[in-house]
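Inspection log for the structure reproduced underneath, given as C-alpha cells.
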Amino acid sequence: MSYLDGFVIAVPRDRRQAFIDHARHADAIFLERGATRIVEAWEDDVPDGTLTDFRRAVAATADEAVAFSWIEWPDKATRDAAMAWMQDPANDDPRLDQAKNPLPFDGKRMIFGGFVPVVDMGAGEK
C-alpha cells in the first residue's frame, strides 16, 4: 500500500518561478530517497469559502497564490526513512541546505500531513 504526504502553502505570486525551482531541487532529493511521484500545483481555481477554504487555511494574502502538492511513497517506512535522513543533523549533503534555505514561501503557514489512501481510482486501477 502506498503512503502520501500532502502540503498546502501560500507563495508570493512574484515568487512563482522561485517556488518551481525550489520544488524541482527538493523533489529530486525525495525521488532519490524513494518517492515514486511528486506533484506541485499552482492555484488556478481556488474559490473563497463561506466557512473555510484553502486561502484561509494558510492565511494567504491578496499577493499570494496557493500551492497544493503531494508526494507519493511506496509505504510509510520509506517515507519515514527519507524524512529521518533529510532531518539528520549529521547529514552533510550540501543539497539539503539549498533545499531548505531560503524557502520561497513562509514555512510557518504550510499545512502538511501524512495520509494512508483509502480509495485509489483512475489510471493505475486494475
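Filter region 84-105 for residues that are under 13 Å from the mean Cα position of the chain (by Cα) and surrounded by fewer than 16 Cβ atoms within 10 Å (Cβ to Cβ) and give the result.
Here is the first cut: in region 84-105, the ones under 13 Å from the mean Cα position of the chain (by Cα) are 99-100, 103-105.
Matches in region 84-105: 100 only.
Can you go through 76, 126 and tell me which one is farther than 22 Å from residue 15 by Cβ, open to solvent by 80 Å² or more (accessible area, probe 1.4 Å), modelled with pLDDT of 95 or more and not aliphatic (A, V, I, L, M)?
Only one candidate passes the filter, namely 76.
Under 7 Å between Cβ atoms, at least 6 apart or on separate chains: pull out the pairs that start in region 61-73 with a residue that is within 11 Å of residue 11 (Cβ to Cβ) and open to solvent by 10 Å² or more (accessible area, probe 1.4 Å) and end on any residue that is part of a strand (DSSP E or B) and of a type in the set (Gly, Ala, Ser).
64/10; 68/41
Can you tell me how many residues in region 1-29 are farther than 18 Å from residue 107 by Cα and open to solvent by 30 Å² or more (accessible area, probe 1.4 Å)?
4
Would you point out the residue of region 33-60, among those that are basic (Lys, Arg) and farther than 12 Å from residue 10 by Cβ, that is most open to solvent (accessible area, probe 1.4 Å)?
37
Among residues belonging to region 82-108 that are over 15 Å from residue 15 (Cα atoms) and of a type in the set (D, E, K, R), point out the one that is modelled with the highest pLDDT. Even if it seems obvious, please write down each step before you answer.
Going residue by residue through region 82-108, those that are over 15 Å from residue 15 (Cα atoms) are 82-100, 108.
Filter once more, so that each one left must be of a type in the set (D, E, K, R): 88, 92-93, 95, 97, 100, 108.
Working: 88: 86, 92: 82, 93: 81, 95: 82, 97: 70, 100: 66, 108: 91.
Selected residue: 108.
The values are calculated or read from the model by the stated rules, or taken from the named source; none is laboratory data. The model shown is predicted, which means the values in this text are computed figures rather than measured ones. Heads up, the Cβs are rebuilt from the backbone with ideal geometry, glycines too, and the neighbour counts pull from every protein chain shown. For the accessible areas, the whole protein counts, side chains as well, though only heavy atoms, and no ligand, DNA or RNA atoms are used. Shrake-Rupley method; radii C 1.70, N 1.55, O 1.52, S 1.80 Å.
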